[in-house]
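I have placed the structure first, in the form of structure tokens, so that the comments after it can refer back to it.
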Number of protein chains: 2
Amino acid sequence: MELYFLGTGAGVPSTERNVSALALRLDKPHETWLFDCGEATQHQLLKSPLSPMKIRRVFITHLHGDHVFGLPGFLSSRSLQGDANHRVTVYGPTGIEEFLRHALRHTSTHVRYGFDIVEFDPTTLHTTHLYEDDHIAITFAPLRHGIPTVGFLIREKEHPGALDAEKLRALGVAPGPQYGELKRGIDVTLEDGRTLKPDDFRKPNTPGRRVAILGDTAPCKEAVALARDADVLVHESTFSARDAAHAHQHHHSTARDAAQTALAANAKRLILTHISPRYHERANDPADLPIQLLQEARSIFANTDLAYDHFHAVIPRIVPSASH
Amino acid sequence: MELYFLGTGAGVPSTERNVSALALRLDKPHETWLFDCGEATQHQLLKSPLSPMKIRRVFITHLHGDHVFGLPGFLSSRSLQGDANHRVTVYGPTGIEEFLRHALRHTSTHVRYGFDIVEFDPTTLHTTHLYEDDHIAITFAPLRHGIPTVGFLIREKEHPGALDAEKLRALGVAPGPQYGELKRGIDVTLEDGRTLKPDDFRKPNTPGRRVAILGDTAPCKEAVALARDADVLVHESTFSARDAAHAHQHHHSTARDAAQTALAANAKRLILTHISPRYHERANDPADLPIQLLQEARSIFANTDLAYDHFHAVIPRIVPSASH
Ligand SMILES: [Zn+2]
Ligand SMILES: [Zn+2]
């Protein structure tokens, strides 16, 4: 699992940051998922190691232009490059279908692959799986922005523990067909009459990873709930604490807000994104340097990174130490 | 007058060329006009010396995605940067209004400056001035593409000739208030009784410049008519002559077609744009190098350039030599 930030700016593109888009590369299924698709996301993809063909699902947090204006172009170009087998499903809040269908129809764009749109009610409090298979599931919850906006929670399922070969050898059981039977969950009776139960020889399950990817939001308890125990929380950080009043008035968060949410949620890691163009590397006022946002968050939540365009973060699976 | 190419690729963006957009900087009025606005045109503007605020008119040749997907984002970002006085008028073929209004409405985008859309019937054969003032006028004519598509002709008006001071001095008339009267078109009677007519002391008028900017098109007589005697013809050159059948089947032109149109139209200069991503600098087959397109056109029409992103071309006013 790897997060790849395609656009980390807020509102308008700048020479330093493009508008919102974030890719999540999954191991199983072997797909890339895209979260939001601001204008020129396809251009950012061209400069990345990601393949547009691998992107099979696109999840939209909300219908502000800087989060969706790249969607028609992305879908259209993908159609000229790939083949009919490279299906895409777009999941987005109510209105996404009309937005997309209009953009494609008015421009005579014919998408030449299987293409589905799944609209959801972004205000519902009922937990729905937008997608689920044997390995992974994704749900959403409403956040607090000027328009209906959600955060997504991607939950990997538990990975069954491996066979504890050391423990078996300690009992004098050498590798052989009996190992396979235990792996498949079958009781094994040894020549000396002892019966081995599979559960006694399996290492602990590896917990699935949890990734919370939030849309634009003012700080709120819904964000904390969604990010509960997340391995990674991706949170907007449009402004710094100095501009908190302005941030909240516009339904956005500061870096401090994001850190407090990560702390309250007991998240393991925080990545800040959706940075206002006010903060940039050549700012005259040191308070407007992006590092300001990072330091502000780290003073509350140490394991914080500030994303930049093409920043990527591997999310390791944490294998619990076996308890003998 | 200067042409500034923001995007010179066809269909999809590549690492070498963005999709279509072309700016024309005018002296009078002191405005920039934009022709087509593919996705990420606002990003290209960020890397150019052009100011989005100076762009007061946008002309759209046709409603294919690679020519319009950047329009909602351009208008939206411009709204966050400028003030209410920086009006914009978008001129485009039937359907442009619905496309734009939908894109802006679904994304809750409020354009905070005067914003007008002028729709025209792209199939009409009746010459209409989309805009006209004392200095310049712009008309359009239908071309031949898969969907209704036009070319634009920008015609500068004649510039009245300067006063011929040499001729006056030769007659013994020294610079003074009488020069001003002649300039303003008033007859002057000298002390010796001679009467000077203004028309006799004016250098020839400077003809206005003509710039023809064509949308996508197969070669056609309409293109030749529109480009008649143009100072500059901007013509698509999606493919090379080797792929002529493919080009024409898809209602596009080859570099050779463009050169033949320039020649037949008696244009003074040809600039090729809208280049298929098939032609790029790292192509293995030399036939797929962009220079191939240029050479093909130059063998027919010598004064040809092949545009690239951020290529610009000054269009000089040609002052006729005075005939004494
Ligand atoms: Zn937003
Ligand atoms: Zn076209």
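Points to keep in mind about this one:
- Residue match in the stretch B:137-155 (condition: surrounded by 17 or more Cβ atoms within 10 Å (Cβ to Cβ), within 16 Å of ligand 1 (Cβ to nearest atom) and not β-branched (Val, Ile, Thr)): no
- Matching residues in the stretch A:238-257 - criterion: being over 15 Å from A:THR61 (Cβ atoms) and small (Gly, Ala, Ser): A:SER240, A:ALA241, A:ALA244, A:ALA245, A:ALA247, A:ALA255
- Filtered residues of the stretch B:245-291 (kept if outside any loop (DSSP other than H, G, I, E, B) and surrounded by fewer than 17 Cβ atoms within 10 Å (Cβ to Cβ)): B:ALA245, B:HIS246, B:HIS248, B:GLN249, B:LEU263, B:ALA264, B:PRO286, B:ALA287, B:ILE291
- Verdict on A:LEU182 being not hydroxyl-bearing (Ser, Thr, Tyr) and not assigned by TED's automatic domain parsing to the domain that holds A:PHE35: yes
- Residue in the stretch A:311-318 that is among the basic types (Lys, Arg) and free of Cβ contacts under 8 Å to residues at least 60 places away in the same chain present: no
- Whichever residue in the stretch A:15-57 is among the β-branched types (Val, Ile, Thr) and closer than 20 Å to B:PRO13 by Cα and, among such residues, is farthest from the other protein chains (Cβ to nearest Cβ): A:ILE55
- Every residue from the stretch A:6-41 that is touching a strand residue (DSSP E or B) at 6+ places or on another chain (Cβ under 6 Å) and of a type in the set (D, E, K, R): A:ARG17, A:ARG25, A:GLU31, A:ASP36
- Strands (runs of 3 or more DSSP E) enclosed by the stretch B:102-185 - at least 3 residues per element that are within 16 Å of ligand 2 (Cβ to nearest atom): B:150-156
- Condition met for B:GLU132 (surrounded by fewer than 17 Cβ atoms within 10 Å (Cβ to Cβ) and in contact with a Ser or Thr (Cβ under 8 Å, 6 or more places away or on another chain)): no
- Residues satisfying the stated conditions in the stretch B:243-259, i.e. under 14 Å from B:VAL232 (Cα atoms) and out of contact with any His (no Cβ under 8 Å at 6 or more places or on another chain): B:ALA259
- Selection status of A:ILE154, in the same structural domain as A:ASP216 (by TED's automatic domain parsing), of a type in the set (Val, Ile, Thr) and under 18 Å from the mean Cα position of the chain (by Cα): yes
Quick grid of which residues meet (1) farther than 21 Å from B:LEU306 by Cα; (2) buried (at least 24 other Cβ atoms within 10 Å of the Cβ); (3) at pLDDT below 95:
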{"position": "B:PRO29", "(1), (2), (3)": "yes, no, yes"}
{"position": "B:GLY38", "(1), (2), (3)": "no, yes, no"}
{"position": "B:ILE60", "(1), (2), (3)": "yes, yes, no"}
{"position": "B:ASP66", "(1), (2), (3)": "no, yes, no"}
{"position": "B:PRO72", "(1), (2), (3)": "yes, yes, no"}
{"position": "B:GLN81", "(1), (2), (3)": "yes, no, yes"}
{"position": "B:ARG87", "(1), (2), (3)": "yes, no, yes"}
{"position": "B:VAL90", "(1), (2), (3)": "yes, no, no"}
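- Residue list for the stretch B:1-42, restricted to those being in a loop (DSSP other than H, G, I, E, B), within 13 Å of ligand 2 (Cβ to nearest atom) and over 14 Å from the mean Cα position of the chain (by Cα): B:ALA10, B:GLY11, B:VAL12, B:VAL19, B:GLY38
- Some residue of the stretch A:184-205 being of a type in the set (Val, Ile, Thr) and closer than 30 Å to A:GLN249 by Cα: no
- Within the stretch A:212-229, considering residues that are surrounded by fewer than 24 Cβ atoms within 10 Å (Cβ to Cβ) and touching a residue at least 12 places away in the same chain (Cβ under 8 Å), the one nearest to ligand 2 (Cβ to nearest atom): A:ALA218
- Residue that is farthest from the other protein chains (Cβ to nearest Cβ), among those in the stretch B:137-178 that are free of Cβ contacts under 8 Å to residues at least 40 places away in the same chain and in contact with a His (Cβ under 8 Å, 6 or more places away or on another chain): B:ALA137
- Residue match in the stretch A:109-118 (condition: of a type in the set (Phe, Trp, Tyr), crowded, with 24+ Cβ neighbours inside 10 Å and either assigned by TED's automatic domain parsing to the domain that holds A:THR217 or within 16 Å of ligand 1 (Cβ to nearest atom) (or both)): no
The values are calculated or read from the model by the stated rules, or taken from the named source; none is laboratory data. This structure is a prediction, so every number in the text was calculated from the model and none was measured. FYI the Cβ positions are ideal-geometry reconstructions off the backbone, even for glycines, and counts take in every protein chain you see.
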